[in-house]
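Below: one structure, written as structure tokens.
The values are calculated or read from the model by the stated rules, or taken from the named source; none is laboratory data. Computed from a prediction, not measured in an experiment: that's the story for all the values here. Heads up, the Cβs are rebuilt from the backbone with ideal geometry, glycines too, and the neighbour counts pull from every protein chain shown. Note: areas computed on protein heavy atoms with side chains; ligands, DNA, RNA excluded. Shrake-Rupley method; radii C 1.70, N 1.55, O 1.52, S 1.80 Å.
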Amino acid sequence: MVFIGGVQGRVPILATPSPVSHSGLMDTPTETAVADLSFEDALKELERIVGRLESGDATLDESIRLYERGDRLRARCAERLDAAQARIEAIRLDAEGKPQGTRPFAAG
């Protein structure tokens, strides 16, 4: 078993053929997997990417691939947050403070 990432982001990578690169992240053949990731999984991978980039240990080519994947993960997280926000409804109260219904959530 090989570990990829810094002290906080150590990810075990099994030594079996898979679509995982030496960086511990998905390679091109399974890039579409970003769309299938939950918000939590996308955020965790994004955090590992940031850690790897901040460590300065990645080659230039790997850094570019990591940045590109990170950008797709960031977009996925933003998309999931926007979708969650759209589903949230605030409870409307009447003059007596009793629940009267719901209204769409308005951020801010």
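Each label was represented as a point 7 Å from its Cα along the Cα-to-Cβ direction; for Asp36 and Thr102 these points are 3.1 nm apart.
To the nearest 10, the accessible area of Leu43 is 60 Å² with a 1.4 Å probe.
Please find the FRET efficiency linking Asp82 to Glu62, where r is the Cβ-Cβ separation and R0 is fixed at 30 Å, and quote it to the nearest 0.05. Once rounded, the FRET efficiency stands at 0.50.
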